[in-house]
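Read the structure below first, then the notes.
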Amino acid sequence: MSTLIRQASIIAMDESHGSTPFTGDILIEADRIKAIGTDLGPVKADREIDGRDRLIMPGLVNGHLHSGEALFKGRYDNMPLELWMLYCYPILGATPPSDRLIYLRTMVVAMESLKNGVTTVVDDVYELGGQSMDQLGQVFQAYDDIGLRANVSGHIMDRPFLDTIPFAHEMIPADLKAKAGALGLPGRDDYLAFCKAAAGRFHNRSGRLRFMIAPSAPQRCTEPLMLAADELARSIGSPFHTHILETKTQAVTGPEFHGKTLIRYMHDLGLLHSGTTIAHSIWVTDEDIELMADAGCSIVHNVISNQKLGAGIAPMRKLLDAGVNVALGSDGICSNDTPRMFDVMHAAGLLHSVSSPDYDTWIAASEVLECATIKGAKSALLAHETGSLEAGKKADLVILDLNTAPFTPRNDLRNHLVYCENGSSIETVMVNGEVVVKDGKLLRVNEADLLGELREAWAAYLPVHAAIEQENAAFHPHFAAIHKRCTSMDVGINRYGSDMPAWKGHNRRAV
Ligand SMILES: [Zn+2]
């Protein structure tokens, strides 16, 4: 099957054009772009699409996502990470959802992603109490069924949770510590064996799906696990995907636990390299940024999640200028509450302008587009396959109707994409050469049926989760005190908005 798109406006994100639009043709054969140029001449194809009044761009890459949180979208507000985690990643464990609910929870994220022009997701999946192969299989199945490209992880923590939080042992009462300590932890060898088996089973499935190694964070995993996971990631060609320095509490963690920043700690272990992807990177020092740039690693900027959890503002301009590869991500679906990458692009284009009056340093729409496409693909180690429109690459693309309100009247298309469009002008989405969204509708799945089934399944699971929330709320005042202590400490940098008022000392809970 071949498809020819004639005389469309194209933003290719390749090296020669970057984000500069041009008018041209694209020829797609099977799963790949066969040719692209201003005029391909008299070529023939099985199907021809008139590209006039259409914009074609690479599919967006969501560089960091936790689809597992989708059951809790819209459930929490006004809690920082360490408190919010008590409810959506309960410290006392949880009754896992059924395999079918895991499938549906992944599917609702996949459906909204595709309809919003996302063709690749990097889904870091954490199952409380340990992930089974069947649970992981449900996530892969959903992405396989709907037609998305995805890197899907087995996420792991192998340190007792309270050992990962500064001052937890002195500030949490003994009875609660005993309860939290009673929970079993996954063993390193079990995790590595699981990852090897998962890679064997799911890696390269359907030409779109890959298994990814994702130890949670340097303070949440033991050194031997981090080192062994990195070795395994390199051997299977997976990114080494982790979280570093999302919150100020984590900025306190490095000096408290290791006498150095967490980035320096990673560097000294040899864990910063071109396959390393760091979610967040907010509370990094200038020296950290240098180490990251020298190592050629990637970060994922989760600009909406960071606002929702009050984590702080990543120094995006410094990271970009240093040469760190910056991708964009939604992060989890209850710290952002949606996987829509057009929202993320919009926020990334805006937030950094209030960080400094020096407008020469503000983030341009062209930079946002790069981070959401080719740099996202690079962070996922997929830049040879996707992230730009080039001959030889997979045909992962989005066709937008330019006769809609967001594009009328037409000015700079890059600015329209970042500041005017929200995904509502998307007409067609193609992944791996296959049209999976047409006229704004999903072609491979029945969206209404799946949403209906998810509503019913959630209603059945909700009382289980609500009871777990109640139980975990016992930790709330103690974690609030830890948060207050850590955020009052001087760590030498400030990544909050500069006029953040001083602590008022309230511990309001908004569940
Ligand atoms: Zn995350």
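So for 441, 260, what's the accessible-area order with a 1.4 Å probe, most first?
Order by accessible area, largest first: 441, 260.
So what's the gap between the Cα centers of the range 225-267 and the range 275-291, to the nearest angstrom?
What the calculation gives is 10 Å, centre to centre.
Could you report the accessible area of residue 366 in Å², rounded to 10, computed with a 1.4 Å probe on the protein chains as they sit in the structure?
About 40 Å², ignoring ligands and nucleic acids.
Among the listed pairs 378/484; 196/378; 177/484; 34/308, give every one whose C-alpha distance is greater than 31 Å.
378/484; 34/308
Do you know the relative contact order of the chain, to the nearest whole percent, from alpha carbon pairs under 8 angstrom that are 6+ apart?
Relative contact order, the chain: 22 percent.
So what's the back-of-envelope 222 nm ellipticity for the chain, counting only DSSP H runs of four-plus at -39500 (n - 2.57) apiece and dividing by all residues, rounded to 500?
So the calculated ellipticity at 222 nm is -11000 deg cm²/dmol.
Return the subset of 73/115; 73/441; 73/375; 375/438; 44/438 for which the Cα-Cα distance in this structure is over 20 Å, preserving the input order.
73/441; 73/375; 375/438; 44/438
If you count only protein heavy atoms and use a 1.4 Å probe, how large is the accessible surface of residue 208, to the nearest 10 Å²?
That residue has around 20 Å² of solvent-accessible surface.
As an exercise, take the mean of 1/r over every pair of distinct alpha carbons in the chain, invert it, and state the Kirkwood radius in angstroms.
23.3 Å is the Kirkwood radius here.
Enumerate the lysines that residue 260 could reach by cross-link, defined here as Cα to Cα under 20 Å, with residues fewer than 8 away along the same chain left out.
Correct list for residue 260: 248.
Whole number please: convex hull volume per residue, Cα atoms of the range 290-358, in Å³.
So the per-residue Cα hull volume is 87 Å³.
Please work out how much accessible surface residue 1 shows to a 1.4 Å probe, ignoring ligands, DNA and RNA, in Å² rounded to 10.
Number for this one is 140 Å².
So what is Rg over Rh here for the range 70-148, counting just Cα atoms and using Kirkwood for Rh?
Computed over Cα atoms, the ratio is 0.99.
The values are calculated or read from the model by the stated rules, or taken from the named source; none is laboratory data. The structure presented is a predicted model; accordingly, all values stated were derived computationally and were not measured. Side chains are part of the model used for accessible areas, which takes the heavy atoms of the whole protein and leaves out ligands, DNA and RNA. Shrake-Rupley method; radii C 1.70, N 1.55, O 1.52, S 1.80 Å.
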